[in-house]
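Structure, as structure tokens:
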Amino acid sequence: MKVLVAEDDVTSRFMLQSLLQKWGYEVLTAADGDEAWHILTGEEAPKLAIIDWLMSGLEGPEICRRLREREQTKGNSIYTYLIMLTVRDEKKHILTGLEAGADDYITKPFDAQELHLRVGAGKRIVDLQEALRFHADHDTLTGLLNRRVVFEHLEIEIARSEREGHPLSIALLDLDHFKQVNDTYGHLIGDEVLRDASSRIIQQVRRYDIVGRYGGEEFLLILPGASRDEAFKIAERVRKNIVSCPFSSGEIFLSASLGVALYNKASSVDEFIFAADTALYRAKKNGRNQTSF
């Protein structure tokens with residue numbers, strides 16, 4: 001887990017860094033408030049930070065206030081656990097830091113055991129938040145993005161495509177005759193097949209492609225930068241991987257039908273999905289186990 005140490009005193013910063021690394025944390029350091037703010041608002045920012053009260057540039061309470069305001073504008077999906085580091089141990093100063101948005105505080109000179117316990121408590125809270133966020137955004141059965149979140153990603157990719165002029169394709173995948181699996185083997189085996197199918201899809205898409213469970217045995221693949229032909233090739237890789245070997249200890253053989261659509265700037269999100277759904281219907285009508293435009 002990454003932890004930011006923002007402390008302008010070289011000795012304190014080194015001691016904090018050494019202890020945290022000893023306890024297994026990946027430590028980022030900042031020598032002033034401005035550098036700390038840059039790190040906390042950058043990509044892959046740490047979710048836990050120890051921030052000194054008095055620093056050059058932005059001071060600790062101001063960083064806390066700004067960060068909480070920023071988190072509110074972005075919704076509840078982003079939260080950083082903040083521990084204030086200060087020589088001020090009077091109650092009114094502690095309350096000032098907490099009111100600014102700090103979650104906890106440590107007074108200097110700090111005790112290593114107390115630091116360990118407070119950072120550990122922060123880590124538990126961050127881990128719990130991450131787990132809650134994952135379950136809110138992902139399908140509980142397959143681990144893929146759920147329908148709501150995959151649609152949010154689709155809207156983002158559409159905006160990116162329009163802004164940058166890059167192609168964008170999607171594919172709707174449906175497992176052929178999946179109802180027979182549930183009817184014949186039961187829903188527990190059906191769930192196992194859905195999890196396996198999800199893994200086979202992920203194996204064949206690109207690292208930056210987005211896959212979500214569309215509903216039931218249907219999956220939505222978002223393919224940024226892919227032309228229709230490129231999307232067809234990806235969809236075919238996925239389809240062939242679905243039929244490559246049996247499911248559930250060799251007992252069940254399944255195929256998949258896919259419909260591919262290329263985004264047209266004149267179309268809405270619903271029209272984009274409808275185009276892929278129409279192509280999927282065409283694939284099923286023509287005999288299933290195939291990809292259609």
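Read-outs: derived from the displayed coordinates by stated rules, not from any lab. These figures come from a predicted structure and were not determined experimentally. Here the Cβ positions follow ideal geometry from the backbone for every residue, glycine too, while neighbour counts run over all protein chains shown.
Values computed for the structure shown
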{"read-out": "Charge dipole (debye, nearest 20) of the chain; +1 at Cβ of Lys and Arg, -1 at Cβ of Asp and Glu", "value": "840"}
{"read-out": "Cα lying deepest toward the dipole's positive end in the chain, options M1, G287, F247, charges on Cβ", "value": "G287"}
{"read-out": "Helical contribution to [θ] at 222 nm, DSSP H n ≥ 4, -39,500 (n - 2.57), averaged over the chain, rounded to 500", "value": "-16500 deg cm²/dmol"}
{"read-out": "Helix 60-73 vs. the chain, principal-axis angle (Cα, 0 to 90°, nearest 10)", "value": "20"}
{"read-out": "Dipole moment magnitude, nearest 20 debye, the stretch 105-264 about Cα centre, only Lys, Arg, Asp, Glu C-beta charged", "value": "420"}
{"read-out": "The chain: relative contact order as a whole-number percent, Cα under 8 Å and 6+ apart", "value": "13"}
{"read-out": "Inter-site label distance for H153 and A136 at 7 Å from Cα along Cβ, in nm", "value": "1.8"}
{"read-out": "Degrees between helix 269-285 axis and first principal axis of the chain (Cα, 0 to 90, nearest 10)", "value": "40"}
{"read-out": "Tilt relative to the chain, helix 187-204 - C-alpha long axis, 0 to 90 degrees, to 10", "value": "80"}
{"read-out": "Label-point gap, in nm, between R282 and V87 - each point 7 angstrom along Cα→Cβ", "value": "7.4"}
{"read-out": "Nitroxide proxy distance, nm - points 7 Å out along Cα→Cβ at L128 and S248", "value": "3.8"}
{"read-out": "Violating pairs (Cα-Cα greater than 18 angstrom) within the set K47/K74; K179/K284; K47/K108; K92/K123; K2/K22; K240/K284", "value": "K47/K108; K92/K123"}
{"read-out": "For F293, residues with placed amide H under 5 Å, excluding near neighbours", "value": "V260"}
{"read-out": "Dipole of the stretch 101-216 [Lys/Arg +1, Asp/Glu -1 at C-beta], most positive-end residue of F178, V193, H116", "value": "H116"}
{"read-out": "Label assignment, Rg/Rh (Cα atoms, Kirkwood Rh) derived from the structure, set [x] 1.05; [y] 1.23; [z] 1.13", "value": "[z]"}
{"read-out": "Relative pair counts by distance (%), Cα atoms of the stretch 2-137, 5 Å bins", "value": "2, 10, 21, 25, 22, 12, 5, 1, 0"}
